[in-house]
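The values are calculated or read from the model by the stated rules, or taken from the named source; none is laboratory data. Just so we're clear, the structure is a prediction, and the values are computed from it rather than from any experiment. Every residue, glycine as well, gets a Cβ built from its backbone with ideal geometry; the counts of neighbours run over all protein chains shown.
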2 protein chains.
Amino acid sequence: MSPAQARRLKPGDTIGILGGGQLGRMLAMAAARLGLKAHIFSPDQHSPAFDVAAKHTIAAFDDEAALAHFAQEVDVVTYEFENVPARTAAVLAEHGPVRPGPEALAASQDRLVEKNFVTSLGIETAPFAAVDDAGALAAAVGRIGRPAILKTRRFGYDGKGQIAIREGTDLARAFDSLGGVPTILEGLVNFTKEVSVVAARGIDGEFKAYDVCENHHVNHILSTSHAPARISSECAAEAIACAKKIADALDYVGIIGVEMFVCEGTGKNGAPVQTIKVNEIAPRVHNSGHWTLGGAVTSQFEQHVRAIAGWPLGATTRHGATVEMRNLIGDEADAWREILAEPGACLHLYGKAQARPGRKMGHVTRILPRED
Amino acid sequence: MSPAQARRLKPGDTIGILGGGQLGRMLAMAAARLGLKAHIFSPDQHSPAFDVAAKHTIAAFDDEAALAHFAQEVDVVTYEFENVPARTAAVLAEHGPVRPGPEALAASQDRLVEKNFVTSLGIETAPFAAVDDAGALAAAVGRIGRPAILKTRRFGYDGKGQIAIREGTDLARAFDSLGGVPTILEGLVNFTKEVSVVAARGIDGEFKAYDVCENHHVNHILSTSHAPARISSECAAEAIACAKKIADALDYVGIIGVEMFVCEGTGKNGAPVQTIKVNEIAPRVHNSGHWTLGGAVTSQFEQHVRAIAGWPLGATTRHGATVEMRNLIGDEADAWREILAEPGACLHLYGKAQARPGRKMGHVTRILPRED
């Protein structure tokens, strides 16, 4: 580890954040609470994170002069999205630590690289095959079967850049519909729950996970998370162990979000057993960890700041029996008055001017008595 | 109530805050969490609150042009300190609502006005007398006795602007030592605990108090607070009832902090009874309410924002059995590494560059199992 990579911050230092959306905004506030300054780098002059940061730079992510200037003004660089171009990360890394590091970006930007990496650790995923042309798609469908999902290897999120391969789907047309770019075919997993592990790893390898949480998606966008997930304690331990194995293999620093499927099976003794398959890795604070803000002693945003500052990680203890997080998407945020009037509901609005359909405008957390 | 006074905010609106210290900083972050913008007005170019606010104005509190411009840019004005000049408040009030209102400022800026106001509500205080010259001091000491404390009527805080009148204290010299300004003599109260009520009142009169908390001062500066205070439930109810009576009488909007003494006595039936005497009113978020940030469902900062925005108040439910708040004063903040490493401790640093003796640099909250 170079001296820059081992750098530890002190109060008064500055965290540079690539991206000015709600994740950058909540990171900037967590940094401020710990006496750090935030400097946001974003191409969007209306970035919500600017409102809570000591400084901001408006420039494109490929503006190398602006990146170099930014890097010189901050003590560590982090990011709120995984599609940071490799060249951007490299320019920044010349000046100081970038956390999480380039291995984490490489492993999460490309679905094929990601799945190969995860399976190389002995962790299960959905069946998958690389598909670079329509011919390869036919072969892959022959092996994996239908239904399956064809996804672009890069730049997909919230259900964008993917198409279902059902009985009768025209394969050539399906491949072309994604633009002819390199893709991956993923078999369907017969899962009963979608869960995620949000965990942090410090610069000395310290690892702390939050309770596994259970996620519900609507239209491919996260709608609600509940912590803890209603899964067996063995399954929860396995999920956290997988996240740790992934973070360790990447020499990871910061919060990592690992999305997983829970599958029901039968153990050797005939008893029911739950197993997990990893779906996706996010090298950043994660939407399914928003419940920790107000729902746990240390929020994921504070935890990420602690990790990238080279500080000890905080307690991940949950407040209350169950914490529910619900995203406010598009005009769902119009319910802010009712949410404010609801006893115990904790409202977060992201300061975005326009409520477009599918846009995450805020979220609300609720500490609930145990239901099940 | 004029239309301006009744104004309710909506997400995206701006809260103007007079003062750029740690209270303004924590208010600005609470406002951002609810989708509001903060505009800080402070004469100090190094104000810690600037780092987390969408906008700031650097100008003196008597710069009427700057005040008018500021007031036009915000939807409500609040403040982090009670010594806002009356003229400043009046200039701002011409343009929109100032919350809490001028009655609250008038009642808390002058110790004599404050005590007369509180006693007019049938609430007890320490014995007191107005002292405008050395002759009046002799008469007041004759009535109240020694020891007692002579305080300037205005601009005192953290033990500044006061002198003890003990046996043998030269009265003329004591009076002169405070600068010959109007003063008040306060008799000592034989109290066993110092407590405070931090509570909020909304624009429609809704009232919500946090648990009464118990405060310990060192060198006249708050050192620690514990919630809940170890007092009888009757005494806690009386303390909260006093705070409500005060807030109602002022048609108060926002968080109010009321410092009180708890005295031990004997009830009519001979049983021990605890009674309270009000010491001081703070028309703002209060240091003894910092435990609510991380220690309660709604922090006092969010609650103040809700109140001054004309929104419903949030739940004041405490997390855990006891919450301790400890101020980090001067070089006590140097212990930040140890505090970060302590499981469950929640560190807040205010982003102040220099740690001068007596300067509040941060605080730490701890959720503790009940001790007594």
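Things to note:
- Within the stretch B:234-252, residues that are assigned by TED's automatic domain parsing to the domain that holds B:GLY267 and over 15 Å from B:GLU280 (Cβ atoms) have Cβ atoms under 8 Å from residues that are buried (at least 16 other Cβ atoms within 10 Å of the Cβ) and polar (S, T, N, Q) in these pairs: B:GLU234/B:GLN274; B:CYS235/B:GLN274; B:CYS235/B:THR275; B:GLU238/B:THR275, counting only partners at least 6 apart in sequence or on another chain.
- Of all positions in the stretch B:282-290, none carries a residue that is outside the structural domain of B:PHE81 (by TED's automatic domain parsing), over 14 Å from the mean Cα position of the chain (by Cα) and modelled with pLDDT of 95 or more.
Quick grid of which residues meet (1) more than 21 Å from the chain's Cα centre (by Cα); (2) crowded, with 22+ Cβ neighbours inside 10 Å; (3) more than 28 Å from A:LYS37 (Cβ to Cβ); (4) of a type outside the set (A, V, I, L, M, F, W, C):
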| site | (1), (2), (3), (4) |
| --- | --- |
| B:ARG7 | yes, no, yes, yes |
| B:GLN22 | no, yes, no, yes |
| B:GLN45 | yes, no, no, yes |
| B:LYS55 | yes, no, no, yes |
| B:ALA65 | yes, no, yes, no |
| B:GLU73 | yes, no, no, yes |
| B:ASN83 | no, no, yes, yes |
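- Scanning the stretch B:43-82 for residues that are away from chain A (no Cβ under 14 Å) and in contact with a helix residue (DSSP H, G or I) (Cβ under 6 Å, 6 or more places away or on another chain) yields B:THR57, B:ALA59, B:PHE61, B:GLU64, B:LEU67, B:ALA71, B:VAL76, B:VAL77, B:THR78, B:GLU80, B:GLU82.
For (1) under 22 Å from B:VAL113 (Cβ atoms); (2) in a loop (DSSP other than H, G, I, E, B); (3) not assigned by TED's automatic domain parsing to the domain that holds B:SER225, each residue gets a yes or a no:
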| site | (1), (2), (3) |
| --- | --- |
| B:ARG143 | yes, no, yes |
| B:LEU150 | yes, no, yes |
| B:LYS160 | yes, yes, yes |
| B:THR169 | no, yes, yes |
| B:PHE175 | yes, no, yes |
| B:GLY180 | yes, yes, yes |
| B:ALA200 | no, no, no |
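- Of all residues assigned to the stretch B:216-229, at least one qualifies as being touching a strand residue (DSSP E or B) at 6+ places or on another chain (Cβ under 6 Å), modelled with pLDDT of 95 or more, farther than 18 Å from B:ARG284 by Cα and not in a strand (DSSP E or B).
- Qualifying residue in the stretch A:238-248 (condition: more than 30 Å from A:ARG8 (Cβ to Cβ) and surrounded by fewer than 24 Cβ atoms within 10 Å (Cβ to Cβ)): yes
- Candidates B:GLY16, B:GLY20, B:GLY24 - the one that is under 25 Å from A:ALA30 (Cα atoms) and away from every other protein chain (no Cβ under 14 Å): B:GLY16
- Hits in the stretch A:82-95 (condition: under 25 Å from A:PRO11 (Cα atoms) and either polar (S, T, N, Q) or not in a helix (DSSP H, G or I) (or both)): A:GLU94, A:HIS95
- In the stretch B:70-84, residue nearest to B:GLN22 (Cα to Cα) [restricted to those that are in contact (Cβ under 8 Å) with a residue 60 or more places away in the chain and among the polar types (S, T, N, Q)]: B:THR78
- Residue that is farthest from A:LEU368 (Cα to Cα) [pool: residues in the stretch A:310-334 that are in contact with a strand residue (DSSP E or B) (Cβ under 7 Å, 6 or more places away or on another chain) and among the hydrophobic types (A, V, I, L, M, F, W, C)]: A:LEU313
- Filter result for A:ALA296 (within 12 Å of chain B (Cβ to nearest Cβ), on the phi < 0 side of the Ramachandran plot and touching a Pro at 6+ places or on another chain (Cβ under 7 Å)): no
- Within the stretch B:46-62, being farther than 19 Å from A:ILE15 by Cβ and without any contact (Cβ under 8 Å) to a residue 40 or more places away in the chain holds for B:SER47, B:HIS56, B:THR57, B:ILE58, B:ALA59, B:ALA60, B:ASP62.
- Looking across the stretch A:267-319, the residues that are among the β-branched types (Val, Ile, Thr) and in a loop (DSSP other than H, G, I, E, B) come down to A:VAL285, A:VAL297, A:THR298, A:THR316, A:THR317.
- Members of the stretch A:316-372 that are touching a Cys at 6+ places or on another chain (Cβ under 9 Å) and modelled with pLDDT under 95: A:VAL323, A:ARG366, A:ILE367
- Qualifying residue in the stretch B:268-290 (condition: touching a helix residue (DSSP H, G or I) at 6+ places or on another chain (Cβ under 6 Å), surrounded by 21 or more Cβ atoms within 10 Å (Cβ to Cβ) and within 14 Å of chain A (Cβ to nearest Cβ)): no
- Just one of the listed residues (A:PHE155, A:PHE128) is surrounded by fewer than 15 Cβ atoms within 10 Å (Cβ to Cβ) and touching a helix residue (DSSP H, G or I) at 6+ places or on another chain (Cβ under 9 Å), and it is A:PHE155.
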